[in-house]
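Please read the structure below before turning to the comments.
Just so it is clear, none of the values below were taken in a lab; they were calculated from the coordinates. What you are looking at is a predicted structure, and each value in this text was computed from that prediction instead of being measured. For neighbour counting, all protein chains shown are included, and Cβ atoms are generated from backbone atoms with ideal geometry for every residue, glycine included.
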Amino acid sequence: MGLHKSETLGLESEEQKLLILSKAIENNPASIVITSRDGNIVYVNPKFVTLTGYSVEEVIGQNPSVLQSGLTPPEIFKDLWRALSAGKEWRGIFTNKKKNGELYTEEALISPITNEEGVITHYVAVKEDITARLEAERKKEMYQKELELFSSLLRHDLTNDAQIILVNIGLLQNLKERTIYESKENLEIMNSALTRMINLLKMIKEPIGDADQEFITMLETVCEECKSVSSNLEISINTTPEIRGLRIGRAAFLPVVFTNLIRNSVSYCGSHPIVKISLAINGPNLEIDVTDNGPGVPETIREKLFQKGVSTSGGGYGLYLSKAIMRIYNSSIDLVQTPESKGATFRLIIPLSMF
């Protein structure tokens, strides 16, 4: 039996071509939206419905702005319409909002459709949800930054704790006549230093950045570890029930920041250091003030306090690392000491999106 001419040439009738095109659009893994020239939606494919949660009936006749989250810069839309008005296609990224309020990011290719006279009649947008891809890239970048920080922390914190242990061993060796009871404080200090070293080294074995923990519990653990090193240290935490229930992930190095701040207070606040930690939710952020009863930070070094090597007593690496740690978590740490205030106050701001 011979083949039909169109089958021989691999061609289809116009009706068959339209059917194939329709199936391709309906089954496309990308979200496809067609609007009229004035911007009203005339067609969406099933992928759009699955992704956004809006039904076909809910969006037909609506403007695509129904998806806007308010987070896409206005310049993006200006650039989009500048290109389309000139008859050119446009490619860019939107941060949009689903019907349930969930945010998502999509990469869009939008093209004008013209009639035989070259007049624009419609626009077609082919959009891909890239939320998961961007999150994976963000995590990869964060892990890389955390690994770099981890290397710095090993050099800084392990060196400090090793020196503490060596000093106390020297004290015990030079005071052989002391009783075990009299030497207990030295032993406790060494034990605490070794515990911190072990905890830091344990990070090598565990995935960095994915641990989920109750924030206040983490903070209380840091405070207890610091108090075990300095028996005269007094620490208080002022918080609220809503903050006490917050759990934080992707922040394995935050304890180091609080440890550095409390250690600094112990170094500068004399024989009875007092540290007050106050937590409050302010808009989209958690604000934490760490205040001590020391002499405060000298005005001569306040502006460059977080630079590497800046210190009143040598070293000057702890606050530099703390700033770097907060930065990779999209958070901040600043000195908020005023001329009238007593002691030093550091303010940490952490986005609630971290919790």
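Considering the stretch 13-129, its Cα convex hull presents a mean projected area of 7.6 nm². When each of VAL124, VAL297, VAL229 is scored by the number of other beta-carbon atoms lying within 10 Å, the sequence from fewest to most is VAL124, VAL297, VAL229.
Ordered by the number of other Cβ atoms lying within 10 Å of each residue's own Cβ, fewest first, LEU103, LEU335, LEU279 fall into the sequence LEU103, LEU335, LEU279.
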